[in-house]
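*Asks:* Quick one: structure below, then a few questions.
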Amino acid sequence: MTTGLKMRIIHRYLGFFLAGIMAMYSISGIIMIFRNTDFLKSEVLTEKQLKPNLSTGELSAELRIKGGVIPEKTEDGVVYFIQGEYNTASGMATVKKMELPVILDKMEHLHKATTDSPVFYLNIFFGLSLLFFVISSFWMFLPKTSVFKKGVYFSLAGMLLTLILLFV
């Protein structure tokens, strides 16, 4: 069995095997483009009992709010901020947050997995599989055919576009 034939067979079955996860990464990647907007998100209110009389810095740390709590006003012992409010006397905090639906949120977290995540090996495997697809695609057609030569031109054009996107 030739190297070309082996590459085509592995490319085909690995492609079928990874079809679901490629769709998931595609969808989550598109959704992540809109992560600084409220696209597909809904407002979720949470209440959290904290210690009374926390400072702004302590409140930011307890609530884990990106950019910190920036008080807009304080009225009758209640601190109002963009993401919610905090009652300094009782310690009760109400926070509103925009969240994706559960399945989309899980897809986004899988897409952004780091070494702290137990599934980061999956991301490494998937990344290596995509790299294999790139390399094995050059074995899909014989080098002397016009399809292969056109494929090389398209590959060069794609690489050029990638370089332009990286440096623009």
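*Asks:* Which log10 I(q)/I(0) values, to two decimals, does the range 105-168 give at q = 0.16, 0.18, 0.23 Å⁻¹ under the Debye formula with one point per Cα?
*Replies:* -0.76, -0.84, -0.95
*Asks:* Roughly how many Å is it from the Cα centre of the range 47-75 to that of the range 1-25, as a whole number?
*Replies:* 51 Å
*Asks:* Oh, and also: Which one of S28, S42, N123 has its Cα pushed farthest toward the positive end of the charge dipole of the chain, where Lys and Arg give +1 and Asp and Glu give -1 at the Cβ?
*Replies:* Selected residue: N123.
*Asks:* Over what distance in Å are the Cα centres of the range 119-168 and the range 88-117 separated?
*Replies:* One Cα centre to the other: 35 Å.
*Asks:* Let me ask something else about it. Under a Cβ-only charge scheme (Lys and Arg +1, Asp and Glu -1), can you give me the dipole magnitude of the chain about the Cα centre, in debye to the nearest 20? Working shown, then result.
*Replies:* Values: 17 positive and 13 negative charges, 288 e Å.
Approximately 1380 debye in magnitude.
*Asks:* Take the Cα coordinates of the range 33-138, assign each an equal point scatterer, and use the Debye formula without solvent to give log10 I(q)/I(0) at q = 0.19 Å⁻¹.
*Replies:* These q points yield log10 I(q)/I(0) values of -1.00.
*Asks:* At 222 nm, what value in deg cm²/dmol follows for the chain if DSSP H runs of at least 4 each add -39500 (n - 2.57) and the sum is divided by all its residues, to the nearest 500? All intermediate terms of the calculation are to be shown ahead of the outcome.
*Replies:* Numbers: 6 runs with 87 residues, N = 168.
After summing the helix terms and dividing by residue count, I get -17000 deg cm²/dmol.
*Asks:* Would you mind working out the magnitude of the charge dipole of the range 42-99 relative to its Cα centre, with +1 at each Lys and Arg C-beta and -1 at each Asp and Glu C-beta, to the nearest 20 Debye?
*Replies:* On the way: 7 positive and 9 negative charges, 42 e Å.
It works out to roughly 200 debye.
*Asks:* Let me ask something additional. Report the semi-axes of the equivalent ellipsoid for the range 42-99 in whole Å, largest first, where each axis is √(5λ) for an eigenvalue λ of the Cα gyration tensor. Could you put the intermediate results ahead of the total?
*Replies:* Values: eigenvalues 55, 28, 25 Å².
That gives 17, 12, 11 Å for the three semi-axes.
*Asks:* Something else now. Compute the signed sum of charges (Lys and Arg +1, Asp and Glu -1) over the other residues within less than 14 Å, Cβ to Cβ, of A93. Could you put the intermediate results ahead of the total?
*Replies:* Working: positive: K48, K51, R64, K96, K97; negative: E47, E58, E62, E85.
So the surrounding residues net to +1.
*Asks:* Lysine pairs in the chain 8 or more apart or on different chains: how many have alpha carbons under 14 angstrom apart? Don't jump to the answer; show the numbers that get you there.
*Replies:* Values: K41/K96; K41/K97; K41/K106; K48/K96; K48/K97; K66/K96; K66/K97.
Step by step, the pairs that qualify in the chain add up to 7.
Values in this text are rule-based calculations from the coordinates and carry no lab data. If you're wondering where the values come from, they're calculated on a predicted model, not measured in any experiment. We place every Cβ from the backbone using ideal geometry, glycine too, and count neighbours over all the protein chains shown.
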